[in-house]
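Written out below as structure tokens is the structure these notes cover.
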Amino acid sequence: MPVKPDIITPGGHIRLINATDTAELADYYLRNRTHFSPWEPKRGGDFYQHEAMLNRILEAEGDFHADKQVKLGAFCQQNQRIIASIDFSQIVRGPLQACFVGYSIDAQHQGQGLMQEFMPPCLDYMFNQFNMHRVVATYTVTNQRSAALLERLGFEKEGYAKSYLNIAGTWEDHILTALINPKH
């Protein structure tokens, strides 16, 4: 079993999201509802409710122990509010040793270089603790911030997927990228 992440950076404390974070995570999504809407699937009203949020967190905790997912939150050092989410999901073992990464940042913290700060130690964690060979990230063709971030992090473009994910009610084309474990 990998060691639970406990990553401190100048801009935040990154750790697994757990059941005690339910209200904070719900607040994160609620206060960023408009900000996230162009980049996420449509969310029903129950998505933001305490019980639904708790169930998703408990499922993520179980998935961490089952070697399937790592759901991280970056918490502000001053007030312990969640300011970013970084999720490594769909972990595949065997000859592939890969996963997907998805991320978001609070609208008030966008453009400050925090994802550039948070992502490298999280990627190192996945490469070193989970022994991932490949981390895959996708972004909509119009999401220039993600394109620039992933390029700075060393992700390489690997393809173009037509009508890949349903985002905000529309099937959107995505750019496929990946980062290979530098130790492999």
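Tell me which of these CYS122 doesn't satisfy, since it passes every other one: (1) open to solvent by 20 Å² or more (accessible area, probe 1.4 Å); (2) closer than 21 Å to TYR28 by Cα; (3) touching a strand residue (DSSP E or B) at 6+ places or on another chain (Cβ under 8 Å).
Unmet condition: (1).
Among the residues of region 12-27, is any under 18 Å from the mean Cα position of the chain (by Cα), open to solvent by 80 Å² or more (accessible area, probe 1.4 Å) and closer than 25 Å to TYR139 by Cβ?
No, there is no match, as no residue in region 12-27 is under 18 Å from the mean Cα position of the chain (by Cα), open to solvent by 80 Å² or more (accessible area, probe 1.4 Å) and closer than 25 Å to TYR139 by Cβ.
Cβ-Cβ below 8 Å, separation at least six or inter-chain, first residue in region 72-92 and among the acidic types (Asp, Glu), second surrounded by fewer than 19 Cβ atoms within 10 Å (Cβ to Cβ) and outside any loop (DSSP other than H, G, I, E, B): which pairs?
Filtered contacts from region 72-92: ASP87/GLY102.
For region 14-29, state whether one or more residues are within 24 Å of THR177 (Cβ to Cβ) and part of a loop (DSSP other than H, G, I, E, B).
Looking through region 14-29, none of the residues is within 24 Å of THR177 (Cβ to Cβ) and part of a loop (DSSP other than H, G, I, E, B).
Taking only region 30-66 into account, find how many residues are open to solvent by 20 Å² or more (accessible area, probe 1.4 Å), closer than 24 Å to TYR164 by Cα, in a helix (DSSP H, G or I) and not basic (Lys, Arg).
3
Given the criterion open to solvent by 60 Å² or more (accessible area, probe 1.4 Å), within 19 Å of THR177 (Cα to Cα) and not basic (Lys, Arg), identify the matching residue among GLN78, GLN116.
GLN116
Provide a single number: the residues in region 140-169 that are over 19 Å from ILE86 (Cβ atoms) and either open to solvent by 70 Å² or more (accessible area, probe 1.4 Å) or in contact (Cβ under 8 Å) with a residue 60 or more places away in the chain (or both).
Final tally of qualifying residues: 11.
Looking at the structure I just gave you, is ALA98 open to solvent by less than 10 Å² (accessible area, probe 1.4 Å), at pLDDT 95 or above and closer than 18 Å to ASN32 by Cα?
When the stated conditions are applied, ALA98 does not pass them.
Let me confirm something: among ALA19, ALA74, ALA60, ALA98, which residue is small (Gly, Ala, Ser) and in contact with a Gly (Cβ under 7 Å, 6 or more places away or on another chain)?
ALA74
For residues that are open to solvent by 20 Å² or more (accessible area, probe 1.4 Å) and part of a loop (DSSP other than H, G, I, E, B), scanning just region 1-10, find the one that is farthest from ILE86 (Cα to Cα).
Residue satisfying both the conditions and the ranking: MET1.
The values are calculated or read from the model by the stated rules, or taken from the named source; none is laboratory data. All values derive from a computational prediction rather than experimental measurement. Glycine gets a Cβ as well: all are built from the backbone with ideal geometry, and neighbour counts include every protein chain shown. Areas reflect the complete protein model, heavy atoms only, side chains present, ligands, DNA and RNA absent. Shrake-Rupley method; radii C 1.70, N 1.55, O 1.52, S 1.80 Å.
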